[in-house]
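First comes the structure, then the notes that go with it.
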Amino acid sequence: FMGAKAEMTVGAMPAGCTAAGQVVTCTVPAGLGAGAATSFKLPFRCGETWKASTYRGHSSNSVDWNRSGEDRGYPVLASAAGTFRRGNTANGEVVIDHGGGWKTFYAHMTNIPSNLNGQRVGAGTEIGKVGMVGNATAPHLHYAQLYNGVRQPVAIDGRGISYSGTYKSTNGCS
C-alpha cells in the first residue's frame, strides 16, 4: 500500500490530494511502520456487507457506514490490532492506536466496553455497537484512518475505497 493511490468523490479537497474533475487522487505517505495501513479490515463481522458514504462538508477522508434497513446494534470490530482508547463519550467515540503513527477513529457507538480502555485489542475485537450517539441523525458508524494525526483516504484490505461503494467484510474470516 505504500505509495499507492486511492480515488474517491468528495465535496472538499483533502490535504495532500489532487483533483481531476470530480475524482480526487491522494497518495498515502510512505514509512507506514509495521505495515499497519495494509492490515485494516472493515470494522464489521466476516461476511457482512456495508455501504460507504460521505457528503459535502463531512470531515475530510471520513466515511459513514450503513447497511440496508436498521443499523442500530450491529457489532463494531477493531479494524486492526492496537491499543484501545475511549474518546468523547457524548459522541460514542473510540480511537485505536495501531503504532507507527496509525490510528483508527470510530464514532456514534453504544455499548463501548469500559474495561478495554488502555488495553491492547486484536483485529476483530468487538469495541461497541452501531448507534446514533452524539451529532447523528440516523444510526451509522462514522469511521476514519489517521496517520500522524492526519485523516487519510480510507483503505480496507490494503485497497482504497470508493466513498459511495459497497463492501463485504473479511474481518475475522478464516
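The values are calculated or read from the model by the stated rules, or taken from the named source; none is laboratory data. Keep in mind the model is a prediction, meaning the values are calculated, not measured. Ideal geometry is used to build each Cβ from the backbone, glycine not excepted, and the neighbour counts take in all protein chains shown. Note: areas computed on protein heavy atoms with side chains; ligands, DNA, RNA excluded. Shrake-Rupley method; radii C 1.70, N 1.55, O 1.52, S 1.80 Å.
For Arg67 and Met132 in one chain, what is 0.36 nm times their gap in residues minus the Cα-Cα distance, to one decimal in nm?
The span from Arg67 to Met132 would gain 22.0 nm if fully extended.
Distance in nm between label sites at Asn117 and Asn88, each 7 Å beyond Cα in the beta-carbon direction?
Between Asn117 and Asn88, the label points sit 1.7 nm apart.
Estimate the FRET efficiency between Thr166 and Thr110 by the formula 1/(1 + (r/R0)^6), using the beta-carbon distance for r and 30 Å for R0, to the nearest 0.05.
The computed FRET efficiency comes out at 0.80.
Which of the peptides 71-82, 149-160 is most tightly packed, and how do the rest follow, judged by the mean count of other Cβ atoms within 10 Å per residue?
71-82, 149-160
How many nm separate the modelled label positions at Val150 and Asp97, each set 7 Å beyond the Cα in the direction of the Cβ?
2.1 nm
How much of the accessible area of region 85-174, in percent, comes from carbon and sulfur atoms when a 1.4 Å probe is used?
Ligands and nucleic acids excluded, carbon and sulfur give 44 percent.
From the Cα gyration tensor of region 104-149, with a ≥ b ≥ c the square roots of its eigenvalues, which class applies: rounded if a/c is under 1.5, or else prolate if a/b is larger than b/c, or else oblate?
oblate
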